[in-house]
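Chemist: Would you mind keeping the following structure in view while I ask a few things?
The values are calculated or read from the model by the stated rules, or taken from the named source; none is laboratory data. All figures in this text were calculated on a predicted structure; none of them were measured in a lab. Counting neighbours? That spans all protein chains shown, and the Cβs are built from the backbone with ideal geometry, glycine included. Surface areas here come from the heavy atoms of the whole protein model, side chains and all, with no ligands, DNA or RNA. Shrake-Rupley method; radii C 1.70, N 1.55, O 1.52, S 1.80 Å.
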Amino acid sequence: MIPQETVDKILESSRVEDVISDFISLKRSGSGFTACCPFHNEKTPSFHVSPAKGIYKCFGCGKAGNAVNFVMEMEALSYPEALKYLAKKYGIPVVEKEESAEEIQEKQHKESLYIVSEFASKYFANNLKEGEGKNIGYAYFKERGLEDSTIEKYALGWAIRDGKDLFKKALEAGYKEEYLLSTGLCYQNDKGELHDRFYDRVMFPIHSASGRVIAFGGRTLRSGHVSMKYVNTPTTDIYIKEKSLYGIYFAKAEMAKKNKCYLVEGYLDVLSFHQLGILNTVASSGTSLTIEQVRLIKRFCQNITIIYDGDSAGIKAAVRAIDLILQEGLNVKVVLIPDGDDPDSFSRKHNLEEVLHFLENNEQDFISYRKHLLGDEIADPLKKIELINEISQSISLIPEAIQRTVFSQQASEVFNIDKELIIDSVNKTRSKAIDKELRNYQKYRENNRDNTQQTAIITNQDNNQAHNDTTNSQSNNLQNIILAAIEKDLLWFILNEGLTEINFPKDSEFSEDNGIVVADFIRGHMENDDYTFENIIYRDVYDAYFKLYDEDESLSQNDIIHKLINSAKQSISQIVIDLTERKHQISINYLKASMTNINTTLSTYVPKAIIMYHIKRLIHRSKELTKSLSAETDSDKQISLLLDIQELANKRKILEEKLSKII
């Protein structure tokens with residue numbers, strides 16, 4: 001573990017413009033620099049670097065961070081790895097402090113798995129150069145059109161027919177049995193004997209995003225009596241199939257550059273596309289696409305084109321994948337390869353220009369794709385209605401309202417149906433989902449009253465894997481709609497004007513608070529109402545701000561913001577940058593653009609935000625009680641619920657009267 005004083009020294013020494021200029025060419029613009037964004041394809045520079053703040057921000061794709069974040073993105077490194085990268089650049093010695101015995105053991109265990117996997121990869125690759133490997137495995141790869149440079153680059157190999165050869169060679173090289181078992185390279189039979197999992201197969205090493213070998217896929221070249229065409233590494237401490245993509249290490253740079261990913265199904269699809277020059281291609285490796293795989297792609301680009309096989313299984317897989325991709329807020333298109341071909345065979349029949357031309361001219365959005373699949377059955381009214389309902393459900397998954405409206409408009413044009421009917425169907429679907437989430441969320445709260453920390457809602461921006469994914473998906477939309485917008489506004493005031501004093505007019509009910517700073521005013525009212533932010537990522541930023549605020553009174557607002565931006569938690573850094581970068585201010589619906597006097601603005605809109613937040617809370621609670629009332633059969637409990645609902649209504653009326661008095 002890197003000591004905090006070393007981390008601080010690295011952060012202080014790392015000049016963001018210096019670090020970024022190692023990767024891209026920066027052009028001076030005023031007090032900062034601009035460039036074409038390295039994370040997405042653009043012709044007009046929208047990537048800005050601010051040396052004064054120590055941050056970068058792209059106003060095209062939204063990527064933002066400090067020097068550490070930039071290195072993490074460009075090199076696909078973890079936070080500690082990025083710190084070491086910068087330490088090496090600036091000549092800062094890193095002496096890691098002593099880790100616990102458990103931490104050391106876990107780290108050594110995983111490192112051992114990586115080392116054994118790398119040994120196996122080299123073993124399989126060497127097998128391909130002689131004997132049965134050359135005669136069978138190498139011949140197969142050449143028959144499939146793979147060049148020697150491709151075979152070597154992707155470390156393709158051969159597992160010989162002797163089912164104990166890898167096991168024996170590994171033991172001879174000094175590797176322990178426990179690691180051969182833990183990597184999944186070997187298994188133990190009923191007699192306790194170790195056998196190779198992979199034998200008599202061509203081998204495809206699978207790499208992590210950082211380039212380490214983590215698993216293998218083995219394909220048999222025999223037919224008939226062989227039960228499994230492919231054998232894959234099982235889940236291990238370094239490999240979870242649902243979170244991995246074949247080819248991601250070799251594709252990530254091109255994905256970021258092109259802001260696009262071609263998603264195929266198999267190993268050879270990736271290899272043939274890469275060999276042709278279409279490097280931004282990855283494969284889900286025969287498994288149904290998962291949300292974790294979509295999020296891995298999302299780290300590098302915003303656009304996905306699905307190129308699955310044209311058989312029924314491939315079509316069904318593509319339809320399932322579309323909804324997952326839309327749900328994550330990414331853009332998705334689908335390409336149907338001509339009958340009788342798959343991405344591998346099609347790419348081998350054509351040159352790069354022909355394949356790219358075909359892809360660009362045959363990409364379909366998900367609406368056109370679904371209509372195309374229905375074919376002549378579109379004339380059947382019942383089939384058409386069913387398809388429109390399915391497409392409406394897909395549209396309802398899209399997080400952005402503008403995108404939902406655009407696709408609703410397109411669906412109305414494609415199917416010659418009133419746009420309002422599509423929009424109404426989409427809204428009803430979303431409402432049903434929210435109602436379901438309300439019920440699930442209420443049950444979750446009731447079952448977890450003693451653990452309120454885990455009941456927080458996680459937005460799509462939050463990548464904190466410590467929270468249960470099921471809870472995330474159930475509660476995400478609800479809090480976004482009800483509370484997240486105002487919590488974001490309150491956070492905007494804290495981050496931008498937290499240490500600014502507010503002076504209220506004499507006739508204001510808040511005049512007793514004159515001279516209080518914005519941060520204390522907001523925190524005081526939150527605590528008085530016993531509120532905490534429901535959106536967990538906003539709450540993390542809120543808590544981090546006040547932790548620094550309370551620990552050191554000498555810190556200026558800029559000092560606090562600088563420390564937050566350099567937080568080890570990237571989600572905090574991202575939010576702080578988004579809310580403090582003036583060119584990307586949040587939209588405060590009730591903030592008039594004509595307001596130029598900062599005191600007038602703060603004395604008017606900070607209390608207004610607090611009151612509106614309280615009202616939203618009351619509305620939320622009232623809806624919960626109303627739902628309980630509709631399900632309650634006991635008359636005494638019904639009366640009690642009615643009284644509670646009336647009390648909430650009275651409180652809301654008082655707050656709304658206060659709101660109307662604020663100029």
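Chemist: Could you tell me how many of the residues in region 400-427 are under 20 Å from Ala318 (Cα atoms) and outside any helix (DSSP H, G or I)?
Modeler: So the answer is 0.
Chemist: Moving on to the next point. Which members of region 46-80 meet the condition of being more than 20 Å from the chain's Cα centre (by Cα), within 24 Å of Ala251 (Cα to Cα) and surrounded by 20 or more Cβ atoms within 10 Å (Cβ to Cβ)?
Modeler: Passing the criteria: Phe47, Ala67.
Chemist: Then there's this: Going by the conditions given, is Ser603 at pLDDT 80 or above, out of contact with any helix residue (DSSP H, G or I) (no Cβ under 7 Å at 6 or more places or on another chain) and either surrounded by 14 or more Cβ atoms within 10 Å (Cβ to Cβ) or in a helix (DSSP H, G or I) (or both)?
Modeler: It is true that Ser603 is at pLDDT 80 or above, out of contact with any helix residue (DSSP H, G or I) (no Cβ under 7 Å at 6 or more places or on another chain) and either surrounded by 14 or more Cβ atoms within 10 Å (Cβ to Cβ) or in a helix (DSSP H, G or I) (or both).
Chemist: Moving on. For region 371-408, give me each residue that is among the basic types (Lys, Arg) and either in contact with an Asp or Glu (Cβ under 6 Å, 6 or more places away or on another chain) or within 17 Å of Asp323 (Cβ to Cβ) (or both).
Modeler: Hits for region 371-408 are Lys371, Lys383, Arg404.
Chemist: Also, I was wondering about something else. Return the residues of region 1-49 that are among the small types (Gly, Ala, Ser) and in a loop (DSSP other than H, G, I, E, B); say none if nothing qualifies.
Modeler: Passing the criteria: Ser14, Ser21, Ser25, Gly30, Ser31, Ser46.
Chemist: Restricting the search to region 259-294, which residues are over 19 Å from Lys333 (Cα atoms), open to solvent by 30 Å² or more (accessible area, probe 1.4 Å) and not in a helix (DSSP H, G or I)?
Modeler: Within region 259-294, Gly277, Gly286, Thr287 meet the criteria.
Chemist: Give the number of residues within region 390-428 that are farther than 26 Å from Gln302 by Cα and of a type outside the set (Asp, Glu).
Modeler: Number satisfying all stated conditions: 7.
Chemist: Anything in region 354-385 that is part of a helix (DSSP H, G or I), under 20 Å from Ala317 (Cβ atoms) and not β-branched (Val, Ile, Thr)? List them, or say none.
Modeler: Result: Leu359, Asn362, Phe366, Ser368, Tyr369, Arg370, Lys371, His372, Leu373, Leu374, Gly375.
Chemist: Can you pull out the residues in region 607-643 that are of a type in the set (Asp, Glu) and either at pLDDT 80 or above or not in a helix (DSSP H, G or I) (or both)?
Modeler: Glu624, Glu632, Asp634
Chemist: Can you tell me which residue is nearest to Val332 (Cα to Cα) among those in region 404-424 that are surrounded by 14 or more Cβ atoms within 10 Å (Cβ to Cβ), free of Cβ contacts under 8 Å to residues at least 24 places away in the same chain and within 29 Å of the chain's Cα centre (by Cα)?
Modeler: Of everything passing the filter in region 404-424, Arg404 is nearest to Val332 (Cα to Cα).
Chemist: Working carefully through the options Leu382, Leu397, Leu373, Leu359, find the one that is open to solvent by 50 Å² or more (accessible area, probe 1.4 Å) and closer than 15 Å to Val334 by Cα.
Modeler: Sole residue among the options that is open to solvent by 50 Å² or more (accessible area, probe 1.4 Å) and closer than 15 Å to Val334 by Cα: Leu373.
Chemist: Now for a different question. With the condition kept exactly as written, say whether any residue in region 251-259 is among the charged types (D, E, K, R) and touching a strand residue (DSSP E or B) at 6+ places or on another chain (Cβ under 6 Å).
Modeler: Looking for residues that are among the charged types (D, E, K, R) and touching a strand residue (DSSP E or B) at 6+ places or on another chain (Cβ under 6 Å), one finds none in region 251-259, hence no.
Chemist: Follow-up question, since we're still on this one. Condition check: within 38 Å of the chain's Cα centre (by Cα), surrounded by 13 or more Cβ atoms within 10 Å (Cβ to Cβ) and in a loop (DSSP other than H, G, I, E, B). Does Tyr179 satisfy that?
Modeler: no
Chemist: So if I check each of Ile304, Ile297, which one is part of a strand (DSSP E or B) and either surrounded by fewer than 19 Cβ atoms within 10 Å (Cβ to Cβ) or within 15 Å of the chain's Cα centre (by Cα) (or both)?
Modeler: Selected residue: Ile304, the only one of Ile304, Ile297 that is part of a strand (DSSP E or B) and either surrounded by fewer than 19 Cβ atoms within 10 Å (Cβ to Cβ) or within 15 Å of the chain's Cα centre (by Cα) (or both).
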